[in-house]
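Take a look at the structure set out below.
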Amino acid sequence: KIAHNAKFEEVWGDKFFGARNKWHFDTMMAEHVLDNRSASTGLKFQTFVRYGVRPYDDVIKPFLKSVDGEFNRVEQAPFKELLLYNGLDCIFAWMLYEDQIKEITSRRGLLKAYNFFIEGNEQMATIQLNGIKMDTEYYVQAEKMLEEKVKERRKYLENGREARAFQKKFNRPILITSNQDLGKLFYEVLGKDPVYTANGQYKTDKSTLESLNLPFVKKLAEMKKYEKARGTYLGQFAREIVGDRMYPFFDLNIPVSYRSSSSKPNFQNIPKRDKEITDIIRKGIIPDWNCVLSEIDFSGAEVITSATYHKDPKFINYLVDPDTDMHRDNATDLLMLPPDMLENPNYTLEQKKKIKMIRFFA
């Protein structure tokens, strides 16, 4: 059997019929291997660019959209048009398969790449079907806790010393969501030296505000941080948890880089830089019984991949010889340091930290 997006068929087949098919070919995944642009894999797009047939779903399209996040209204579509649409989908998918199989088998390495992506897509379907166990009660409490933190900061920002000074000068309350009001507060009320944008407005971007080193800015940053954690992360979890599990989508046909992607929610974008927020968001993600959660990062993947393109022997030697260190050598070259300065087993902990920063900036 051939499908345009076999993973979708696998997930639905498993869910509704308790069976998963062994697909002969996936035209969507094949197109991604042939052309990595994310917008090029759709069947309607390919039908147009390859065969000159304009999209044929005008009548059916409104019925294929979900209503209020639930199922679509395809059963209400005009029957004859629905049959025609299905028939055209099948015909053009078959035509696309016949063209793609020639392209993939005639170009060296592409069949191997295609098979690799198909196997990967099967695993993505399995991960999606298994879902991820969530401590739902914990997240209810976490949302309440974040709401309290936001309220506390908002109260300070709207009623504190700085807000009262703003009210006194302009005879109205400060609007903390207004960049214009924030600029007036910092530069006209609190007397900080004004910083302007290119069009002459007060500058209130994150880095400018942080440089002011004010308690108000700290509270504002904290409030935004907690709001984002509650709305962006916990909000997504609340929408997507079914029972005690969440079922994020994992796809291989979208990123130009040929990496995987995730959505509903994006499970590859869970915060980890801010320790407090990391702990709050991740603590409710729990392993199934007798399982563990692990996280894998491919060390140096970009560097190794680049070597497969440029094949520079010196560069490759840096990768395979444990006694070499490209970061150390670049640091000593760029900053004109003695060759042995960055390596000394007798350095104190403080000195080691400074050496680490030298390497980092290099």
### Query
residue 165 to residue 119: extension gain in nm, 0.36 nm per residue of separation minus the Cα-Cα distance?
10.2 nm
### Message
Tell me the angle of helix 79-106 to the major Cα principal axis of the chain, expressed in degrees between 0 and 90 and rounded to the nearest ten.
### Response
80
#### Entry: Farthest positive-ward along the stretch 191-275 dipole, Cα basis, beta-carbon charges - from 238, 226, 268
226
### Query
What aspartates and glutamates could a cross-link reach from residue 80, if we take a straight Cα to Cα line under 16 Å and drop same-chain neighbours fewer than 8 places away?
57, 58, 89
### Restraint check, 224/356; 203/224; 314/353, Cα-Cα greater than 21 Å
224/356; 314/353
### Task
Please work out how much length the chain gains when fully extended from residue 314 to residue 14, using 0.36 nm per residue of separation minus the C-alpha to C-alpha distance, in nm with one decimal.
103.0 nm
### Inter-probe distance in nm under a simple model that places probes 7 Å from Cα toward Cβ, at residue 152 and residue 105
6.7
## Note on the structure
For residue 15, counting only lysines whose alpha-carbon sits under 25 Å away and dropping same-chain residues fewer than eight positions off, the answer is 1, 7, 61, 65, 133, 264
### Query
Quick one: what does P(r) look like for the chain with 20 Å bins over all Cα pairs, in whole %?
19, 38, 37, 6, 0
### Query
GNM on the chain, C-alpha springs below 10 Å: top fluctuator among 14, 251, 68?
68
#### Entry: Using alpha-carbon coordinates, inclination of helix 349-361 to the longest axis of the chain, degrees
60
### Computed E for residue 299/residue 206 - FRET, C-beta separation, R0 25 angstrom, nearest 0.05
0.25
### Message
Starting from the 7 Å offset along Cα-to-Cβ, what nm value, one decimal, do you get for the label separation of residue 289 and residue 79?
### Response
4.9
### Those GluC sites (Glu not before Pro) in the stretch 35-82 that DSSP places in a loop and that have at most 13 other beta carbons within 10 Å
70
### Query
Hey, with R₀ at 56 Å, roughly what FRET efficiency would residue 66 and residue 346 work out to, going by the Cβ-Cβ distance, to 0.05?
0.30
### Query
Where does the chain land at 222 nm, in deg cm²/dmol rounded to the nearest 500, when only DSSP H runs of n ≥ 4 count, each adding -39500 (n - 2.57), divided by all residues?
-16500 deg cm²/dmol
### DSSP-loop chymotrypsin sites (Phe, Trp or Tyr not before Pro) across the stretch 289-337, with at most 16 other Cβ within 10 angstrom
289, 298
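Readers should treat all values here as calculations from the given coordinates under stated rules, not as data from a laboratory. Here the structure is a predicted model, which means the values were calculated and not measured. No Cβ is skipped: glycine too gets one built from the backbone with ideal geometry, and neighbour counts run over all protein chains shown.
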